[in-house]
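Have a look at this one.
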Amino acid sequence: MASIIMTGRILCIKPLQSVVKSLRYATTASFSRTADAPEKKVAVIGTGVSGISALKNLTSPFGNIKPVAFERSASFGGHWSFTSNKTRDEFGYPPSSAIYCGLRTNLPRELMSFPGFEHDDNLPTFPKQSDIYEYLQRYVDYCDLEKYIKFNTIVTNAVPRSPGDAKTKWEVTYCDVSDPTKSSTEEFDAVIICNGNCVFPNVPPFPGIDAFQGRLLHSRDYRQAEEFKGQNVAVVGSSYSGKDVARQLSDFADKVYLTHIDEPIKTVYENGNVIEKNFGIREIKESSIVLENGKEVHLDAIVMCTGYKYQFPFLSEDIISIQNEHVTPLYKHVLHLDYNSLFVITLLRNVATYPISFNQARFARSVIDGTANLPSKAEMAEDIAREVKWRSENNMTGPMWHYMDTLQWNYDSHLADMGKFEPLSEMLQIYWNFVENHREKDFCNYWKYDYVMNGKKTIEAIKRDEHQEEEHLPYRLVV
């Protein structure tokens, strides 16, 4: 039985005394005031992982908040609610799911769970899509959340009743997807946006892209590698999805050209037919691409693994502005600077979405019920300006504006400070750092290991028995 031992690297960890319970956490007195407060009505837009997090926190620990969640599809779970459909549905909407058949997570299950609600211990460290959806189903059932959701309902407009008032109520207009001509409008004390960040594909406008005669698709529409059997395929982009799609295609395609402008990848593709092209694309022709070095590559298909754009079609641009993928004006990427009754829990990239979105929702709840210790508007504006300056100086603009990675732990601690709740466990940082290292070194095989944490805060990665692998196809999801 093969094994790998690595010491968990801990980055951005606050001193131990900062996680000891103190006056900054909610006291019995503050909870009592919350329990006695008048009922507030809160709209939640979207019921993927972030929306489920919002519903759980709005309904606990006290019932003085009445949430109403709007879900465009017929089920909760966002892209975990898998569908083989790659085209628009009968009502003209794209599928909620952006994943492909039989996928696994690219994060260990410890980072794919809500605080206090664990996965089945019998699952492998990197579960399948069906395991994750079953987990979400159990969580929604256990917390009795489905009764708050309006399915097959799309929000078309959300406007402040009192523009300029930080505590304004909101008028939310929505309709059934089957009949957009019949809409309803309700008033809410607050709005929490959870419409996801893997919904609107980003396809760079390469010169000549419309001339390509082969198959061109975004990774959101990719479902099965078998469809590309015997073909020459270019995969554009080398993030998680780019590397994973290239690995899958290598089992069926003749040649796979992994084209990107990032650092050369470290993993070795075992089939020997993945050819890395560490250059940008100068031009796309009818049956080929021309790279920046002048080399031409003839192709049958192109898969764009080029990420997603943020969009909020139900909000006007004077409320939320998006400049070069920077969504503003938001304090800590979640609270609107001018409207403290508007929250966005859907922006952060490269984070442990389950626990981070859960604590973002806890923070939103604390602001709504008045228990949060918020800075003044001027102080929040200064904080936003400092972060913009820091990200600009460190080349974290464009798609990186809301990128976190190891920054997520200090970020979470700041939210916990203000919201008066405990930050996430340091154990999650150890798991995060370990899998980032393991995945980078051996992208094609890391998922074959189960992780075990010992008493010294180190992780042992133990390779599973080969017979187990016959039961689970090596497909994984980009989180």
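What net charge is computed for the residues neighbouring Asn340, neighbours being all others with C-beta under 10 Å from the C-beta of Asn340, Lys and Arg scored +1, Asp and Glu -1?
Here the count lands on 0.
Quick check: from the Cα gyration tensor, does the stretch 323-402 come out rounded (a/c under 1.5), prolate or oblate?
oblate
Which of the aspartates and glutamates could a cross-linker span from Lys150 if the Cα-Cα distance has to be under 12 Å and same-chain partners fewer than 8 positions apart are dropped?
Glu71, Asp176
In Å², what does the accessible area per residue of the stretch 96-145 work out to with a 1.4 Å probe?
Normalised by residue count, the accessible surface of the stretch 96-145 is 37 Å².
Another question, then. Once you've got the Cα coordinates, tell me which of Lys229/Lys277; Lys266/Lys332; Lys128/Lys456; Lys309/Lys389 are over 24 Å apart.
Table pairs above 24 Å Cα-Cα are Lys266/Lys332; Lys128/Lys456.
Where both residues lie in the chain, what percent of DSSP beta bridges are antiparallel, nearest 5?
Taking every DSSP beta bridge with both residues in the chain, the antiparallel ones total about 55 percent.
How large is ³J(HN,Hα), in whole Hz, for each residue of the stretch 198-213 in order, when computed from phi with the Karplus curve 6.51 cos²θ - 1.76 cosθ + 1.60 and θ = phi - 60°, using x for Gly and Pro?
Values per residue, Gly and Pro as x: 10, 10, 10, x, 9, 10, x, x, 4, x, x, 4, 6, 7, 5, 9 Hz.
Just to make sure I understand: if all protein chains stay in place, what is the order of Ile462, Ile52 by accessible area at 1.4 Å, largest first?
Putting Ile462, Ile52 in descending order of accessible area: Ile462, Ile52.
Using just the helices of the chain, give the 222 nm mean residue ellipticity in deg cm²/dmol: DSSP H runs with n ≥ 4 each add -39,500 (n - 2.57), and the total is spread over all residues, rounded to 500.
Numbers: 9 runs with 111 residues, N = 479.
Value at 222 nm, helices only, nearest 500: -7000 deg cm²/dmol.
Take peptides 119-127, 312-320 and line them up by average Cβ neighbours within 10 Å, highest first, as a rough protection proxy.
Top to bottom by mean Cβ count within 10 Å: 119-127, 312-320.
Which value, in debye to the nearest 20, describes the size of the charge dipole of the stretch 379-427 about its Cα centre when Lys and Arg Cβ atoms bear +1, Asp and Glu Cβ atoms bear -1, and nothing else is charged?
My answer is approximately 180 debye.
Ordered by packing density, taken as the mean number of other Cβ atoms within 10 Å over each peptide's residues, highest first, how do 385-394, 371-380 rank?
Answer by packing, highest mean first, reads 371-380, 385-394.
Just want the answer: with Cβ charges of +1 for Lys and Arg and -1 for Asp and Glu, which residue in Ser376, Val327, Val297 is farthest toward the dipole's positive end in the stretch 287-425?
My answer, from the dipole projection, is Ser376.
Right, something else. What is the distance in Å between the Cα centroid of the stretch 221-259 and that of the stretch 332-357?
About 33 Å separates the Cα centre of the stretch 221-259 from the one of the stretch 332-357.
Same structure again: Among Thr156, Ser413, Ser50, which residue has its Cα furthest toward the positive end of the charge dipole of the chain, with +1 on Lys/Arg Cβ and -1 on Asp/Glu Cβ?
The listed residue farthest towards the positive side: Ser413.
Another one. In Å², and per residue, what accessible area does the stretch 160-239 have when probed at 1.4 Å with the other protein chains present? Don't skip to the end; give the middle numbers.
Numbers: 3770 Å² over 80 residues.
Value returned for the stretch 160-239: 47 Å² of accessible area per residue.
Given contacts defined as C-alpha pairs under 8 Å and at least six residues apart, what's the relative contact order of the chain, whole-number percent?
It comes to 22 percent, rounded to a whole number.
Where a ≥ b ≥ c are the square roots of the eigenvalues of the C-alpha gyration tensor, would you call the stretch 151-270 rounded, which needs a/c under 1.5, or, failing that, prolate if a/b is larger than b/c, or oblate?
It comes out prolate by the Cα gyration axes.
Can you compute the charge dipole magnitude of the stretch 102-236 about its Cα centre, using +1 on each Lys and Arg Cβ and -1 on each Asp and Glu Cβ, nothing else charged? Give it in debye, rounded to the nearest 20. Walk me through the numbers before you get to the answer.
Values: 14 positive and 20 negative charges, 89 e Å.
Once rounded to the nearest 20, the dipole reads 420 debye.
Apply 1/(1 + (r/R0)^6) to the Cβ-Cβ distance of Ser183 and Lys309, taking R0 = 35 Å, and write down the FRET efficiency to the nearest 0.05.
0.85
Can you send over the carbon and sulfur percentage of the accessible area for the chain, probe radius 1.4 Å, protein chains only?
Here carbon and sulfur together make up 49 percent of the probe-accessible area.
In debye, nearest 20, what is the charge dipole magnitude of the chain about its Cα centre with +1 on Lys and Arg Cβ and -1 on Asp and Glu Cβ, if you could check?
So the magnitude is around 800 debye.
Going by the alpha-carbon gyration tensor, a ≥ b ≥ c the square roots of its eigenvalues, is the stretch 318-466 rounded (a/c under 1.5) or, if a/c is not under 1.5, prolate (a/b greater than b/c) versus oblate?
It comes out prolate by the Cα gyration axes.
What accessible area per residue comes out for the stretch 308-398, rounded to a whole number of Å², with a 1.4 Å probe?
Normalised by residue count, the accessible surface of the stretch 308-398 is 40 Å².
In whole percent, what relative contact order does the stretch 152-305 give with Cα contacts below 8 Å and a gap of six or more residues? Write out the running numbers ahead of the final one.
Values: 288 pairs, mean separation 32.5, N = 154.
Reported relative contact order: 21 percent.
The values are calculated or read from the model by the stated rules, or taken from the named source; none is laboratory data. Here the structure is a predicted model, which is why all the values come from computation and not from measurement. Neighbour counts run over all protein chains shown; Cβ positions are idealised from the backbone, glycine included. For accessibility, only protein heavy atoms count, side chains too; no ligands or nucleic acids. Shrake-Rupley method; radii C 1.70, N 1.55, O 1.52, S 1.80 Å.
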